[in-house]
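Contents: one structure, followed by commentary.
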Amino acid sequence: MRQLRSWVMNHEVLAFFLLTFLISWGTWIPLAGVYFNRNAYLAGVPMSWGIFGPALAGILITRLIHPRAKGASRREGVLAFTLAWVLTALVWIVFISKQVGVPRTQETMLVSSVMGALIALAPAYVVSSAYGRNPKVRTFLHSLIKPRGAWIYYLIAILLTPVLFWVGSVLSDLAGLITYWRPSNLNSIGGIGILGLAFLYQFCFGNVLGEEVGWRGFALSKLQARVSPLVASLIITPVWFAWHLPLKLANPDVIPMLYYGLTFIPSTILLTWIYNRSQGSILAVGIAHVATNLAGKYLFPITVGSLIVQMLVALVVIFTDRMWIRTSQDLLSYASNSTGDRSPAVI
């Protein structure tokens with residue numbers, strides 16, 4: 001154990017990547033085909049847990065390197081776990097019950113309730129860790145539960161990619177570019193409700209509590225201690241894309257693999273920019289991640305024009321923010337350790 005801890009301390013980001021894939025792929029690869037092709041609902045429990053691989057990896061590695069404080073009370077963590085478990089389970093059950101084609105019988109509602117209770121254990125653990133007995137984990141997750149940085153960047157996080165999708169759809173219509181997907185129209189009242197529920201679902205079960213806690217909250221902050229934001233983004237991009245592959249391959253859709261892979265480039269750049277501009281806020285990048293997914297699924301077409309616009313804006317961000325230059329140590333310290341410990345992280 002001592003040798004393992006020493007190796008992880010010297011290779012934090014590599015250890016994070018390996019553990020993330022071990023957790024996620026370890027649950028997805030054996031079950032993805034069964035879940036998507038045979039409609040085996042119970043396989044959805046470990047499948048959903050796998051989405052939390054990045055968050056769990058970041059928390060577990062931090063716990064391994066920094067043991068919890070002796071004598072610390074667990075009351076706050078237990079309370080946070082209980083509340084998060086109940087609330088996220090309710091979000092899951094309500095969201096699933098509203099899906100088209102899901103029968104609303106007593107049997108299906110019972111199964112949904114049991115699945116929701118089990119799946120909600122993962123986000124509840126992440127939230128409770130922010131209130132747990134390990135001070136380093138609490139510091140790591142601090143920006144998840146307490147907004148950091150100027151409010152304008154949270155507004156940008158909500159609006160940026162939907163606006164880019166809209167501009168891209170207009171460009172595609174004018175230039176006759178390929179459109180891969182058009183969402184069904186949402187009516188004014190019901191559509192807002194569906195969108196709000198989908199936002200809560202994505203927030204709890206994937207984009208924020210599952211992915212961004214790890215990809216930006218852990219990996220990006222560690223990488224930027226050694227390399228520039230641009231280089232850090234380029235390191236994360238192929239890893240983030242590869243992490244999604246089992247789900248993409250097991251559940252193919254109308255989006256070509258090349259197009260799908262290319263979207264990770266501007267997405268990573270823009271999320272890095274929002275993370276740094278918001279002083280290292282996991283919450284801000286999580287909201288931006290949710291907004292991107294909702295824009296492409298519910299609001300605007302997925303088009304070649306959308307990708308072009310996102311690429312152009314990413315280039316503008318790179319040059320205006322000079323992302324090839326190392327981030328200031330003050331920002332890195334604030335983002336990764338609000339207690340003031342400025343020891344450099346190791347890749």
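Since every read-out is calculated from the coordinates, none of them should be taken as a lab result. Every value quoted in this text rests on a predicted model; they were computed, and no experiment measured them. When we count neighbours, we look across all protein chains shown, and the Cβ atoms used for this are built from the backbone with ideal geometry, even at glycine.
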### Query
Hey, can you list the DSSP H helices of the chain whose Cα span along the axis is 30 Å or longer and whose average Kyte-Doolittle score is at least -0.5?
12-38, 75-97, 152-175, 229-250, 257-277
### Task
Quick one: grab the alpha carbon gyration tensor of region 188-299, order the square roots of its eigenvalues as a ≥ b ≥ c, and give me rounded if a/c is under 1.5, else prolate or oblate depending on whether a/b is larger than b/c.
oblate
### Message
Straight-line reach only, C-alpha to C-alpha below 17 angstrom: list the lysines that LYS98 could link to, leaving out same-chain residues fewer than 8 apart.
### Response
LYS297
### Query
Just from its helices, what would the mean residue ellipticity at 222 nm be for the chain, if runs of 4 or more DSSP H residues each count -39500 (n - 2.57) and the sum is divided by every residue, rounded to the nearest 500 deg cm²/dmol?
-22000 deg cm²/dmol
### Query
Which lysines does LYS222 reach when only Cα atoms under 18 Å apart count, and residues fewer than 8 places away in its own chain are ignored?
LYS136
### Task
Would you pull out the residues with amide H under 5 Å of ARG74's amide H, same chain only if 5 or more places away, H placed 1.01 Å from N?
none
### Query
Going by average Cβ neighbours within 10 Å, how do the peptides 170-179, 285-294 rank, with the highest at the top?
285-294, 170-179
### Task
Report the relative contact order of the chain, percent, no decimals, based on alpha-carbon pairs under 8 angstrom and at least 6 residues apart.
27
### Query
What length, rounded to one decimal in nm, is gained on full extension from VAL114 through to ARG74, with 0.36 nm per residue of separation minus their alpha-carbon distance?
11.8 nm
## Note on the structure
Non-local residues with an amide H under 5 Å from the amide H of GLY206, with H modelled 1.01 Å from N and Pro and chain starts lacking one, are GLU211
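Under the rule a/c < 1.5 gives rounded, and otherwise a/b versus b/c splits prolate from oblate, where does the chain land using the Cα gyration tensor?
Numbers: a/c = 1.63, a/b = 1.11, b/c = 1.46.
Because a/c hits 1.5 or more and a/b fails to exceed b/c, the chain counts as oblate.
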### Query
Once you mark the chymotrypsin sites (Phe, Trp or Tyr not before Pro) that are in a DSSP loop and have at most 13 other Cβ atoms within 10 Å, what is the longest gap between them in the chain?
152-323
### Message
Which of rounded, prolate or oblate describes region 270-323 when judged by the alpha-carbon gyration tensor and an a/c cut-off of 1.5?
### Response
oblate
### Task
Taking H placed 1.01 Å from N in the peptide plane, check which residues at least 5 places from TYR180 or on another chain put their amide H under 5 Å from its amide H.
ILE302, THR303, VAL304
### Query
Taking R0 as 41 Å, what's the FRET efficiency between TRP181 and ARG226 from their Cβ-Cβ distance, rounded to 0.05?
0.60
